[in-house]
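Okay, handing you the structure first.
Derivation of every value follows stated rules applied to the coordinates shown; laboratory data play no part. Small disclaimer: the values here were computed from a predicted structure and weren't measured. Glycine also receives a Cβ, built like all others from the backbone with ideal geometry; neighbour counts cover every protein chain displayed.
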């Protein structure tokens with residue numbers, strides 16, 4: 001069926017409430033909780049063997065990651081996370097040390113961002129270790145930035161360098177919350193998403209929600225050293241990894257040429273690299289412009305469950 | 001370690017935010033989202049092989065149950081559920097029919113109670129089918145009813161009949177939302193909880209949170225026909241099942257003698273049976289009074305993970 005097709009199917013069949021400003025289909029849902037306050041909600045499930053491998057990584061890092069993914073989703077709306085609830089399915093014979101290490105990772109990052117764990121559910125099962133985090137956020141008197149706002153002529157900007165996150169960044173990444181709040185407060189961002197499925201797949205989410213297309217500059221895609229390293233093992237090009245690998249958790253955004261220029265020359269984002277990688281166009285799909293000037297269509301490619 | 005000990009450990013170590021009115025330790029957490037609005041949040045994870053057995057039950061009923069459990073948690077605070085997010089881990093080779101049936105169960109009950117599914121996460125894994133529901137609720141200008149409000153001299157009331165839910169009610173139960181809202185609107189309830197772990201275990205949650213004890217009248221415990229039926233198989237008494245079996249999802253509450261009388265003679269709850277099963281006392285623990293007048297201590301006994 002495909003993960004994205006399934007989400008579309010669910011979305012189409014879902015009845016709507018009047019106090020839901022934004023339902024299925026963005027990084028978070030947005031609920032109107034009073035006349036002037038919005039509440040954001042996002043949920044992420046991670047399971048051993050799919051999102052990490054406990055034989056190869058520390059449970060402390062997994063706890064940290066579970067929280068960091070949700071922070072990244074709220075950051076992708078340019079908003080402030082507040083509280084979270086955590087459900088955990090422990091395999092049988094889980095030790096106290098394992099639980100303590102898990103929570104050390106959870107608290108290390110939730111304390112850093114002043115997020116309170118307000119509840120949860122703890123169960124045991126015969127399956128692998130599984131953790132689900134649901135996080136709430138608030139608008140902080142800023143407008144949540146949706147996926148659906150990209151306009152023809154917008155520049156496409158991305159933070160950091162991309163690809164090869166499987167070599168480490170998928171566990172150790174710092175969610176771009178500080179940067180997202182600075183961006184939402186000081187600039188007019190039309191559309192934003194965090195890169196979890198992969199650059200081309202997540203850009204495609206923006207394009208589909210906004211009903212537009214994009215031309216990317218091949219030379220401008222910021223390729224990480226990890227992508228180069230991984231490409232030597234896989235035989236794919238570093239560019240392929242930068243376009244297709246998931247879990248970089250960088251911010252991908254579109255905004256007017258003027259605003260893009262302001263960001264690129266601003267020192268508000270300190271030492272975080274921001275790259276202008278292309279432009280929003282009318283023709284649907286993603287197009288890649290090579291240094292020679294040739295343009296070819298590329299297929300969005302990234303991690304999809306199911 | 002034990003599920004409840006683990007929850008206590010987490011609770012003690014959790015830092016607090018100013019806008020969190022109620023954190024870990026009740027049916028829902030309560031967050032102050034604006035000057036006059038409260039937001040409730042609860043989360044429940046269900047996994048195949050622990051909470052249900054897909055070899056013996058329909059996935060449609062499992063979808064329904066996942067939503068019904070969360071509705072019951074918000075009902076246990078006397079409040080109104082609004083929206084939910086759902087995370088699902090599908091085993092490999094899940095069919096479209098399975099997904100459609102699951103969502104038929106989810107939507108049947110969420111539509112009935114006007115709850116919108118506003119988001120979620122869909123993943124695949126090598127483990128059993130696992131579903132997590134996080135639900136939000138609103139106070140509806142009513143005060144959320146906590147576990148911690150029981151007072152010495154309070155009567156203990158319970159809805160419905162208890163025990164043997166494993167024979168069917170654990171999947172088919174109707175969450176007591178309508179009744180909970182009527183109770184919160186029309187009466188002064190000191191403490192309330194839904195019976196998910198078992199009567200004695202859930203009563204114990206109220207007692208521990210309130211720092212009191214309880215005397216139960218053996219003759220007044222409402223025993224379900226399912227408890228009688230199950231006792232013939234297990235060799236335990238029907239009373240044992242009514243006290244210990246989980247997942248009846250009835251409401252257990254404490255309130256003043258005067259308010260209890262008002263409820264017992266009221267027709268606001270229509271045809272839902274309400275029983276007065278005992279009284280809150282100063283001495284910690286749960287005490288059972290037999291018809292002969294003998295009093296013996298009983299240990300809270302119910303389902304505990306880990």
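Just how far, in whole angstrom, is the range B:201-272 from the range A:46-77 if you go by their alpha carbon centroids?
Using only Cα atoms to place each centre, the spacing works out to 41 Å.
Turning to a different aspect of this structure: Rounded, prolate or oblate: which one fits the range B:124-230, using the alpha carbon gyration tensor with axes a ≥ b ≥ c (rounded when a/c is under 1.5, else prolate when a/b beats b/c, else oblate)?
Judged from the Cα gyration tensor, the range B:124-230 comes out oblate (a/c at least 1.5, b/c at or above a/b).
Would you mind putting B:59-65, A:242-248 in packing order, based on average other-beta-carbon counts within 10 Å, highest first?
By packing density, highest mean first, the sequence is A:242-248, B:59-65.
Follow-up. Based on alpha-carbon positions alone, could you give the equivalent ellipsoid semi-axes of the range A:256-306 from the gyration tensor, as √(5λ), descending, whole Å?
Numbers: eigenvalues 139, 62, 27 Å².
Equivalent ellipsoid of the range A:256-306: 26, 18, 12 Å, largest first.
Separate question: Averaging over every viewing direction, what projected area does the convex hull of the Cα atoms of the range A:175-241 cover, in nm²?
5.8 nm²
Before anything else, pin down the relative contact order of chain A: Cα pairs under 8 Å, at least 6 apart, normalised by residue count, whole percent.
21 percent
Please check: in the Gaussian network model of chain B (C-alpha springs, under 10 Å), which one of B:267, B:27, B:139 has the largest mean-square fluctuation.
Looking only at B:267, B:27, B:139, the largest GNM fluctuation is found for B:267.
Now for a different question. So, R0 is 22 Å and r is the distance between the beta-carbons of residue B:5 and residue A:53; what FRET efficiency does that work out to, to 0.05?
E(calc), rounded to 0.05, equals 0.15.
In addition: With an 8 Å Cα cut-off and a minimum separation of 6 or more residues, compute the relative contact order for the range A:178-306 in percent.
Computed value for the range A:178-306: 41 percent relative contact order.
Could you give the Stokes-Einstein D for the range A:86-180 in µm² per second, using the C-alpha Kirkwood radius, 25 °C, 0.890 mPa s? Before the final figure, lay out each step's value.
Details: Rh = 17.1 Å.
Value of D from the Cα-based Kirkwood radius: 144 µm²/s.
Let me ask something else. Based on the mean of other Cβ atoms within 10 Å per residue, sort peptides B:8-15, B:119-126 so the most packed one is first.
Peptide ranking by packing, descending: B:119-126, B:8-15.
Considering only B:18, B:100, B:147, give the residue with the highest GNM mean-square fluctuation for chain B, with springs between Cα atoms whenever their separation is below 10 Å.
B:18
Follow-up. Provide a whole-number value for the mean count of partner chain Cβ atoms within 10 Å of the Cβ atoms in peptide A:271-284.
0
Using only atoms on other chains, find how many Cβ atoms lie within 10 Å of each Cβ of peptide B:81-87 and report the average.
Partner Cβ neighbours, averaged per residue: 6.
Please give the contour-minus-distance gain from residue A:268 to residue A:100: 0.36 nm per residue of separation, less the Cα-Cα distance, rounded to one decimal in nm.
Working: separation 168, 0.36 × 168 = 60.48 nm, distance 3.75 nm.
Fully extending the segment from residue A:268 to residue A:100 adds 56.7 nm.
Okay, next question. Between rounded, prolate and oblate, where does the range A:155-298 land on the alpha carbon gyration tensor, with a ≥ b ≥ c its root eigenvalues, rounded for a/c under 1.5, else prolate if a/b exceeds b/c? Present the calculation step by step, with values, prior to reporting the outcome.
Values: a/c = 1.64, a/b = 1.11, b/c = 1.48.
The shape class here is oblate.
Once a ≥ b ≥ c are taken as the square roots of the eigenvalues of the Cα gyration tensor of the range A:19-138, is the result rounded (a/c under 1.5), prolate (a/b larger than b/c) or oblate (a/b not larger than b/c)?
Because a/c hits 1.5 or more and a/b exceeds b/c, the range A:19-138 counts as prolate.
Using alpha carbons only, how many angstrom separate the centre of the range A:93-141 from the centre of the range B:112-131?
18 Å
Let me ask another. Sorted by packing (mean other beta-carbon atoms within 10 Å per residue), highest first, where do B:218-228, B:256-266, B:186-196 land? Write down the numbers at each step before the final one.
Values: B:218-228: 18.4, B:256-266: 14.6, B:186-196: 22.5.
By packing density, highest mean first, the sequence is B:186-196, B:218-228, B:256-266.
Hey, could you pull the Cα Rg and Dmax for chain B, both in Å?
19.2, 59
Would you mind giving the mean number of other chain beta-carbons within 10 Å of the Cβ of each residue in A:40-53, as a whole number?
Taking the mean over all residues of the peptide, I get 5.
Another one. Take the Cα of residue B:151, step 7 Å along the line toward its Cβ, and report every residue of the range B:189-207 whose backbone nitrogen sits under 12 Å from that point.
Only B:189-191 pass the distance filter.
What do you get for Rg/Rh of the protein assembly as shown when both radii come from the Cα atoms and Rh is the Kirkwood radius?
1.01
Let me ask something else about it. Counting each DSSP H run of 4 or more residues in chain A as -39500 (n - 2.57), what helix-only mean residue ellipticity at 222 nm follows after dividing by all residues, to the nearest 500 deg cm²/dmol? Don't skip to the answer; put the middle values down first.
Working: 9 runs with 96 residues, N = 306.
Using -39500 (n - 2.57) per qualifying helix, the result is -9500 deg cm²/dmol.
Using a Gaussian network model of chain A with C-alpha springs under 10 Å, which one of A:127, A:149, A:213 is most mobile by mean-square fluctuation?
A:127
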